[in-house]
Amino acid sequence: MKGSKKAKLLRITLVSLISAGLIGLFLAQFLFRDGGFTAVLNSLSASSKQTPKYAVIPKPANCSFTEETFILTDTASIYINGNNTEETDEIYNIGEYLSEKLKTSTGYPLSVIKSDAPSKGNIYLTTAGGDSSLGQEGYQLDITNSLVTLKAFTPEGLFRGIQTLRQLFPAAIEKNSLVTDTAWTLPAASITDYPAYPWRGMMLDTARHFIEVEDVKRTIDLIAQYKMNKFHMHLSDDQGWRIEIKSWPELTTIGGSSEVGGGRGGFYTQEEYSDIVNYAKERYITVIPEIDMPGHTNAALASYGELNPDGKKKELYTGIDVGFSSLMCRSEVTYAFVNDVIRELAALTPGDYIHIGGDEASSTSKEDYDYFIGRVNEIVSSYGKKTIGWNPFDTSPGTTSESLLQKWNPDSSAAEAKGMKMILSPPPKAYIDMKYDENTPLGLQWAGFIPTKTAYEWDPSDFAPSVHIAGIECPLWSETIKSMNDIEFLAFPRLPGHAEIGWTPKNLRNWKEYKLRLKVHGERMENQEINYYKDPDVSW
Ligand code: ACM
């Protein structure tokens, strides 16, 4: 009797152990599938579930934390090491960027040291032994109580990883003044991360209202922290021409002198534009310049009489209508003009692409439009660049799979037939110049109201076949935007969600969990003095 009771007990114990193990394994797959964040959430008490301790945006592909802590002290240094001298020099600059970012709030003079032997208590950035399977932008971040090791296949990957590191420090790290009451801790972590899409951009319309260089740079800094890698500048439209073209100086002296509402406008000199391009490059962001043609060209038509059929300059325009202007598509003067503009712009632009607009050309016949896009495509190619255009740019016989379609209209069948890749900017989701709701003081509403949840809850594959998707971009048109404060109000908090859609795989994203992380970012946005919209759907 006794023996069989013992055996029964043993059987029950074994069955229980196996069941617990199986349940554990079953649960573990979900923990790892969601990048480890559920593990962090579960480790917190029920009452604090509303506030995850670590909130990285975009959410990393793989991530786990332990209870240990790394403490940054005033004696810490940033060790850096590349695979060769050139790479080491590049990583040195990244080390300096990190040092600068951490210096203001911590007050620590973090020196950057070229060495592959970091000692305890330091930060180490390296590409030596970086895993090529993580790609151009991937990184591996390992934090223990004694060392922070950030490893990547490329310096660019290190730069992306640094944005994660920033977000793991207490929010006060983002303050623009010395903070003395905070311990600069990092959670021990192991993060392996890489983006879902190679193109993750924001577009800023500098034409409807001119945006000052300092504000452009701040915008670049704000998008860099969410690992965005493209900054598309809409440089010309009916209301203003914003980039100096030395061979056509009146484009800026006349065409640059207006903006929506009749303000004084402005333009970037070539030196200022290059400064912006370099500022972005230091943040591993490519500037994509756009000259919108053949429509959206009133500012050019107002600058030079010879660009018009009657030889007379048009009046400057300060309203917000579209579709009324066109370059002369059958005139060689037009192509001499476009050739000069593209030549000068291409020489200032290290990126592979020039955006030629192509949208809303309602005053141009389809035949002329197709011919024009073909000619301009040839001009852009002749300067070693490739074109991007808004729909219906893809329908012109002049565009091929070399070009990129920026898809803002539902029909991309021509692009698909040509095997063209696309940047997706679906207006009801991605147009961050739309109002959040009926009470939003800024913004337009033709694509509907876009609260933060709507801007977050979509997937690129909803808008194009996956094989065609290069990535996504959120345009910020500036009909209603006059200042940095306005840019921030419409971009935040929608832009971080957009960045997450571009970076984080679909199966790791859900609004309920995301909005808890976004709430944590409220303090970071405040510390950066970002004028963000307190969307009522998030319990800030
Ligand atoms: C656009 O919104 N006209 C591209």
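Rounded to the nearest Hz, the phi-derived 3J(HN,Hα) couplings of the range 91-99 under the Karplus curve 6.51 cos²θ - 1.76 cosθ + 1.60 (θ = phi - 60°) are 5, 4, 4, 5, x, 5, 4, 5, 4, where x marks glycine and proline.
Rounded to the nearest 0.05, what FRET efficiency do Arg343 and Trp446 have when you use their Cβ-Cβ distance and R0 = 35 Å?
0.45
Along the range 181-191 the Karplus relation, 6.51 cos²θ - 1.76 cosθ + 1.60 evaluated at θ = phi - 60°, assigns HN-Hα couplings of 10, 10, 7, 8, 9, 10, x, 4, 8, 10, 10 Hz to successive residues, with x for each Gly and Pro. Only protein heavy atoms count here; on that basis, with a 1.4 Å probe, Thr318 has an accessible area of about 60 Å². In whole percent, and with a 1.4 Å probe on the protein chains, what portion of the accessible area of the range 70-197 is carbon and sulfur? With neighbouring chains kept in place, the figure for the range 70-197 is 45 percent.
Given just the C-alpha atoms of the range 357-462, how large is their convex hull per residue in cubic angstrom? Display every interim value, and only then the final one.
Numbers: hull volume 12.5 nm³, N = 106.
Dividing the Cα hull volume of the range 357-462 by its residues yields 118 Å³.
Which of the peptides 80-88, 205-213 is most tightly packed, and how do the rest follow, judged by the mean count of other Cβ atoms within 10 Å per residue? Before the final figure, lay out each step's value.
On the way: 80-88: 17.4, 205-213: 23.1.
Ranked from most to least packed, the peptides come out as 205-213, 80-88.
Working from Cα pairs under 8 Å separated by at least six residues, relative contact order for the range 429-540 is 29 percent. Pairs of alpha-carbon atoms within less than 8 angstrom and 6+ residues apart define the contacts here; what relative contact order does the range 204-349 have, in percent? The value is 26 percent.
Under the criterion of Cα pairs below 8 Å and six or more residues apart, the relative contact order for the chain equals 14 percent.
If the range 460-540 were replaced by its equivalent ellipsoid, with semi-axes equal to the square roots of 5 times the Cα gyration tensor eigenvalues, what would those be, largest first, whole Å? Intermediate values should be presented prior to the final figure.
Values: eigenvalues 119, 70, 17 Å².
The equivalent ellipsoid of the range 460-540 has semi-axes of 24, 19, 9 Å.
A Förster radius of 41 Å combined with the Cβ-Cβ distance from Glu67 to Lys114 puts the calculated FRET efficiency at roughly 0.75. With all protein chains kept in place, the per residue accessible area of the range 143-264 amounts to 27 square angstrom at a probe of 1.4 angstrom.
Between Arg264 and Ala183, the modelled labels are 5.3 nm apart [label points 7 Å from Cα along Cα→Cβ]. With q set to 0.08, 0.14, 0.15 Å⁻¹, the log10 of I(q)/I(0) for the range 390-538, from the Debye formula over equal scatterers at the Cα positions, is -0.24, -0.70, -0.79. The phi torsions of the range 271-278, fed into the Karplus equation with coefficients 6.51, -1.76 and 1.60 and a -60° offset, translate into couplings of 5, 5, 4, 4, 4, 5, 4, 5 Hz, rounded to whole numbers, with Gly and Pro shown as x.
Would you mind putting 342-348, 500-506 in packing order, based on average other-beta-carbon counts within 10 Å, highest first? Can you show the working numbers first?
Numbers: 342-348: 17.7, 500-506: 21.7.
Ranking the peptides 342-348, 500-506 by packing returns 500-506, 342-348.
Using the Cα coordinates of the range 264-303, the gyration tensor eigenvalues translate into equivalent-ellipsoid semi-axes of 25, 13, 7 Å, sorted from longest to shortest. With the gyration tensor restricted to C-alpha atoms of the range 231-292, the semi-axes of the equivalent ellipsoid amount to 22, 13, 10 Å, longest first.
Summing +1 for each Lys or Arg and -1 for each Asp or Glu among the other residues whose beta-carbon sits under 14 angstrom from that of Tyr335 gives -2.
Which value, in Å² and to the nearest 10, is the accessible area of Cys63 when all protein chains are kept and the probe is 1.4 Å? Here the accessible area works out near 10 Å².
Size descriptors for the chain: radius of gyration and Dmax over Cα atoms are 26.0, 112 Å.
The values are calculated or read from the model by the stated rules, or taken from the named source; none is laboratory data. None of these values were measured; they are calculated from a predicted model. Cβ atoms come from the backbone with ideal geometry, glycine included; neighbour counts cover every protein chain shown. Surface accessibility is based on the protein's heavy atoms, side chains included, excluding ligands, DNA and RNA. Shrake-Rupley method; radii C 1.70, N 1.55, O 1.52, S 1.80 Å.
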